[in-house]
Amino acid sequence: MADQIAHDIAALTTRFEHAFTDSTAENIRLAIENIQAVSAQLTQLVSEQQASFDSVGAGLTRTANAASQAAATLDRTFAEVEGAIAGGRLTQIVENVGSSSARADSLTTELMAAARDLRRMALGADTALRRVGAIAGSMERGEGSLGRLLRDSLLYYSLSESTIQLQALLKDIREHPRKYINLTVF
């Protein structure tokens, strides 16, 4: 069992040495720079889109107000025509126009709510991307365990040295198991 454990630790150690090289650390640093660049671009895109949504929302509000005023004017005009003609067909037309105006107002309200929801989502995405950028910046500055591993070559060499010593210990355990394991049976 100890031999199997020793073999597994040796295999793990070898894989660790292959995985964390100077080029791996450089690749991680480049990936962090790319994440920061993408975050900045997304932040700019969100800001630009926010201005567009605000403009569209304001335009929709003005359109709804103008449509509401026009509908009110039409209602008055049709009421006068209805009084003059007193026919059933004209009444139906006025009702249809009023109903259409109400639907247009309802649609405008829904579009404004959708624009507000989209703005909240964009702000949430911006916040998340800023946090990812802050974490990446912290790692690049050498803060935290991963940041230290990326920036501190002494830590890398210490890990390499520890791996070599562990391999030597495992080899000695395989070659001289009685030295480390003392088993007695009643």
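The values are calculated or read from the model by the stated rules, or taken from the named source; none is laboratory data. The structure presented is a predicted model; accordingly, all values stated were derived computationally and were not measured. FYI the Cβ positions are ideal-geometry reconstructions off the backbone, even for glycines, and counts take in every protein chain you see. Side chains are part of the model used for accessible areas, which takes the heavy atoms of the whole protein and leaves out ligands, DNA and RNA. Shrake-Rupley method; radii C 1.70, N 1.55, O 1.52, S 1.80 Å.
General remarks:
- Contacts under 9 angstrom Cβ, first residue in the stretch 135-153 being under 14 Å from residue 35 (Cβ atoms) and in contact (Cβ under 8 Å) with a residue 24 or more places away in the chain, partner crowded, with 17+ Cβ neighbours inside 10 Å and small (Gly, Ala, Ser), 6 or more apart: 136/39; 139/147; 140/147
- The listed residue being loosely packed, with under 14 Cβ neighbours inside 10 Å and part of a helix (DSSP H, G or I), out of 122, 168: 168
- Just one of the listed residues (158, 101) is in contact (Cβ under 8 Å) with a residue 12 or more places away in the chain, open to solvent by less than 90 Å² (accessible area, probe 1.4 Å) and either of a type in the set (Ser, Thr, Tyr) or not in a helix (DSSP H, G or I) (or both), and it is 101.
- Scan of the stretch 106-119 for residues that are in contact with a Leu (Cβ under 6 Å, 6 or more places away or on another chain) and open to solvent by 50 Å² or more (accessible area, probe 1.4 Å), ordered by number: 111
- The listed residue being assigned to a helix (DSSP H, G or I) and over 30 Å from residue 5 (Cα atoms), out of 135, 173: 135
- Flag for residue 44 being open to solvent by 50 Å² or more (accessible area, probe 1.4 Å), farther than 30 Å from residue 113 by Cβ and at pLDDT 80 or above: no
- Flag for residue 151 being basic (Lys, Arg) and exposed (fewer than 13 other Cβ atoms within 10 Å of the Cβ): no
- Search result, residues across the stretch 27-77 that are under 18 Å from residue 137 (Cβ atoms) and among the β-branched types (Val, Ile, Thr): 28, 32, 35, 38, 43
- Scope the stretch 125-139; condition modelled with pLDDT of 80 or more and either open to solvent by 80 Å² or more (accessible area, probe 1.4 Å) or more than 30 Å from residue 56 (Cα to Cα) (or both); matching residues: 130, 131, 132, 133, 134, 135, 136, 137, 138
- Contact annotation: residue pairs with Cβ atoms under 8 Å, 6 or more positions apart or on different chains, pairing a residue in the stretch 1-28 that is closer than 17 Å to residue 157 by Cα and open to solvent by 50 Å² or more (accessible area, probe 1.4 Å) with a partner that is hydrophobic (A, V, I, L, M, F, W, C) and at pLDDT 75 or above, are 16/159; 20/159.
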